Structures are given as structure tokens and as C-alpha cells.
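The values are calculated or read from the model by the stated rules, or taken from the named source; none is laboratory data. The structure displayed is predicted, hence computed values, not measured ones. In this analysis, Cβ positions are derived from the backbone assuming ideal geometry, glycine residues included, and neighbour counts consider all displayed protein chains. Surface accessibility is based on the protein's heavy atoms, side chains included, excluding ligands, DNA and RNA. Shrake-Rupley method; radii C 1.70, N 1.55, O 1.52, S 1.80 Å.
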Amino acid sequence: MDLVCQRMLNQGFLKVERYHNLCQKQVKAQLPRRESERRNHSLARHADILAAVETRLSLLNMTFMKYVDSNLCCFIPGKVIDEIYRVLRYVNSTRAPQRAHEVLQELRDISSMAMEYFDEKIVPILKRKLPGSDVSGRLMGSPPVPGPSAALTTMQLFSKQNPSRQEVTKLQQQVKTNGAGVTVLRREISELRTKVQEQQKQLQDQDQKLLEQTQIIGEQNARLAELERKLREVMESAVGRSSGPGQSEESPRKRRKAAEAIDSLRKSKRLRNRK
């Protein structure tokens, strides 16, 4: 029964890795090639979540699978497998998922606790079960004589406990990818700052032009007021002259014309004030 459960857990971890690779290939096939266009794509959050899951799978692989491959234990945290499946199904079934840190909060918590417990409580027990070694890490039945053979044996034991070259290469590639993404983001931020500075300069120029136009309009209004005053004086003097004998019939007509001229000046002044 124990062997069956161990086999199911090991196969479950391998299957969730394959399922994650499939989901990641499907999302990458729909993303544009340019990094700047990916950030504005509708699948940008999907890609971020899948990249974070890939990092978590790499850490779990480095922590557990070297002991699983040595048949010393199985992939113990089955709840982590269930949580990874939940995240992947959520990504596949949601068009607009939440941010990566919100979706992966539970996965990060339980996987970190599982790895810490495994390293602190279980790994010391498994190291004693390594084939051909005792508690101190020496070969069974051989005296601790210093020399090339003892150094080689120690290096072999340490190499078993260290991650494989393929895992290290995979993590290095991921670090390079993250570094390239950070570089692109910094470039975009600098471009946005330049655009903001240009827009601020344009706003300052527009404010200066508006101030100049306001001053010009004020001067024109003052000139119009002066012209209106002079025209009123001229009209009043003309009306006074026309009020003499023999011109009583023409004076009302001239007054109306003077009043119309004054009204037209006032209307033009109002229109300029509105502008």
C-alpha cells in the first residue's frame, strides 16, 4: 500500500510538470515576440503566473527529486501538487486572472513550509541512509585516512547532495530571462519619463501663449472702450447740432442710428470677452 501511494505521488509531480509545460507552450504561442508588446497583451498575467509556477517547480525538483531518484523517499507534499493543479486550471479557465502574487500566495506558503520541514527534519535522516556512507559521510569500513581517495569520496558524496548541472543551467537561464525583462521595463520607464517631460514642456508653452492672448484681449477691450466713448461723444455732438430749427424731423432718425452703432460696438465687445 505504501509503495502504491509513493508511486502515485511521484507520478503526480511528474504529471503536473508536464501539464505546466503544456500550458506554458500554449500561452507562449499566443504571445507576441516583442517583450514590449507582451506587457500590454491580454495574456501577460497568464505568462507571469506560469513563470512563477515554473520557478516553484524548479525549487521543489531540486529539494525532493534527488532523494526520490535514489529511492530514499517519495515526493511527500501531495497538497502542493493539488495546489499547482488548481493554479494551472485557474489560468486556463480565466480570461482576466488576478495578479500573480494574489493567485500564488497559497502555493508559495505551503511549498515553502514543505521544503523547510523536509530540509530540517527529513534530510538528516535520509543522509544516514545514503548507500555506502555512515553518519559522518565516510565510506563504511574504511578508515578516515587523508589523501586523494578520501577527498574524491567526499566530493562524490557532496555531488549527490548538490543539484544537477541541468537544474543549475535551467535556473541560470531563468535568471537571464528575468534580467532581460527587468532591462526592458527600465527602458520603458525611461521612455515614459521622457514623454512626461515633453508633455510638461508643451503645457508650459501653452500656458505662456494663453497668458499672452489674455493680455492682447485685455488691450483690445480697452481700445474698444475708448473708441466707444469717443463715438458716443461724436454722436451726442451730432445730435445736439441737428436739434436746431428745421431739422426736428431728422433728429429721431439720427438718434436711432447712433443708438444702433453703440449697440453694435457693445455686442462686438461681448463676443471678444467670450473668446
- Only one residue in Leu72, Leu50 is open to solvent by less than 90 Å² (accessible area, probe 1.4 Å), touching a residue at least 12 places away in the same chain (Cβ under 8 Å), outside any helix (DSSP H, G or I) and of a type in the set (A, V, I, L, M, F, W, C). Which one? Leu72
- Task: Given the conditions (1) at pLDDT 90 or above; (2) open to solvent by 20 Å² or more (accessible area, probe 1.4 Å), report the number of the one that Arg95 does not fulfil.
- Result: (1)
- Message: Cβ-Cβ under 6 Å, sequence separation 6+ or interchain: first residue in region 96-114 and in contact (Cβ under 8 Å) with a residue 40 or more places away in the chain and within 23 Å of Phe64 (Cβ to Cβ), partner charged (D, E, K, R) and open to solvent by less than 80 Å² (accessible area, probe 1.4 Å). Which pairs?
- Response: Leu107/Glu83; Ser111/Arg56
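Rundown of residues vs (1) touching a Cys at 6+ places or on another chain (Cβ under 9 Å); (2) touching a residue at least 40 places away in the same chain (Cβ under 8 Å); (3) surrounded by fewer than 17 Cβ atoms within 10 Å (Cβ to Cβ); (4) within 26 Å of Ile110 (Cβ to Cβ), yes/no style:
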position	(1), (2), (3), (4)
His20	no, yes, no, yes
Gln24	no, no, no, yes
Gln30	no, no, yes, no
Leu57	no, yes, no, yes
Met62	no, yes, no, yes
